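Peer 1: Supplied in structure tokens, the structure appears directly below.
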Amino acid sequence: MASTKTNSSEKPQRKRRAKLGSTGEGDYYRIELRPSSDFTFFRNHDVGDKGHLIRVAGKRSSGSWDTVAWLVSKEDAHIEGETLVGDSEDAKQLIESLGSKPKHVKGDIFEAKDRPNIPEKNKPTEAQKKAWAENIKKAQAARWGKKKE
């Protein structure tokens, strides 16, 4: 009887699976803000219209949550050169709110920085003060405009 056993030094060849987003064939562009190695648990949040913008949130070992990445539907954005450009209003708003323009890494993957973290001791910022003043003026105008005579 012939043996069908293979030599132990020969390892079977396995086809490795491509990492998500690296081939460019998916339905979403991925904008990575932080390395996923900083997190222990992940959750997806659909933002706005279903299936257009998805926030990938991660939980750190300390228990705090933060945004790891954004998934933007290919219907809502396109690539121009090495950057991602929003087509829909929501995608444009998201890309503008990031701390830097998304730069192409490979496939459907982009890297960007999140909005800058402003320490509490530096708040309120000039922009916040300006917004509060404008809101107060609007409220006063609405109150005086509705006054009964």
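The values are calculated or read from the model by the stated rules, or taken from the named source; none is laboratory data. All values derive from a computational prediction rather than experimental measurement. FYI the Cβ positions are ideal-geometry reconstructions off the backbone, even for glycines, and counts take in every protein chain you see.
Peer 1: Select from the stretch 56-77 the residues that are in contact with a Leu (Cβ under 8 Å, 6 or more places away or on another chain) and of a type outside the set (Gly, Ala, Ser) and list them in ascending order.
Peer 2: Passing the criteria: Val56, Thr67, Val68, Trp70, Leu71, Val72, Asp76.
Peer 1: Cβ contacts < 8 Å: first residue farther than 30 Å from Val85 by Cβ, restricted to the stretch 55-72; second residue surrounded by 15 or more Cβ atoms within 10 Å (Cβ to Cβ), any location; separation 6+ or different chain. Result?
Peer 2: Partner pairs satisfying both residue conditions: Lys59/Phe39; Arg60/Phe39.
Peer 1: Do we have Asp76 as modelled with pLDDT under 90 and surrounded by 13 or more Cβ atoms within 10 Å (Cβ to Cβ) here?
Peer 2: Answer is no for this residue.
Peer 1: Read through the list (1) closer than 19 Å to Ala112 by Cα; (2) over 12 Å from the mean Cα position of the chain (by Cα), then give the number of the only condition that Thr67 fails.
Peer 2: Every condition holds for Thr67 apart from (2).
Peer 1: So which residues in the stretch 79-106 are of a type outside the set (A, V, I, L, M, F, W, C), surrounded by 13 or more Cβ atoms within 10 Å (Cβ to Cβ) and closer than 14 Å to His52 by Cα, if there are any at all?
Peer 2: Gly86, Asp87, Ser88, Asp90, Lys92
Peer 1: OK, next. Do we have Arg43 as in contact with a helix residue (DSSP H, G or I) (Cβ under 7 Å, 6 or more places away or on another chain) and loosely packed, with under 15 Cβ neighbours inside 10 Å here? Working first, answer last.
Peer 2: Details: in contact with a helix residue (DSSP H, G or I) (Cβ under 7 Å, 6 or more places away or on another chain): no; loosely packed, with under 15 Cβ neighbours inside 10 Å: yes.
Criteria not met by Arg43.
Peer 1: Further, regarding this structure: If you check Ile109, Ile136, Ile118, which single one turns out to be in contact (Cβ under 8 Å) with a residue 40 or more places away in the chain and either over 20 Å from Ile54 (Cβ atoms) or within 16 Å of the chain's Cα centre (by Cα) (or both)?
Peer 2: Ile109
Peer 1: State whether the residues of the stretch 45-62 include one that is out of contact with any strand residue (DSSP E or B) (no Cβ under 8 Å at 6 or more places or on another chain) and of a type in the set (S, T, N, Q). Can you show your working first?
Peer 2: Of the stretch 45-62, the ones out of contact with any strand residue (DSSP E or B) (no Cβ under 8 Å at 6 or more places or on another chain) are 48-50, 61-62.
Subset that is of a type in the set (S, T, N, Q): 61-62.
Yes, there is a match, as at least one residue in the stretch 45-62 is out of contact with any strand residue (DSSP E or B) (no Cβ under 8 Å at 6 or more places or on another chain) and of a type in the set (S, T, N, Q).
Peer 1: In the stretch 76-85, how many residues are touching a residue at least 12 places away in the same chain (Cβ under 8 Å) and in contact with a Gly (Cβ under 9 Å, 6 or more places away or on another chain)?
Peer 2: Summing the residues that are touching a residue at least 12 places away in the same chain (Cβ under 8 Å) and in contact with a Gly (Cβ under 9 Å, 6 or more places away or on another chain) in the stretch 76-85 gives 2.
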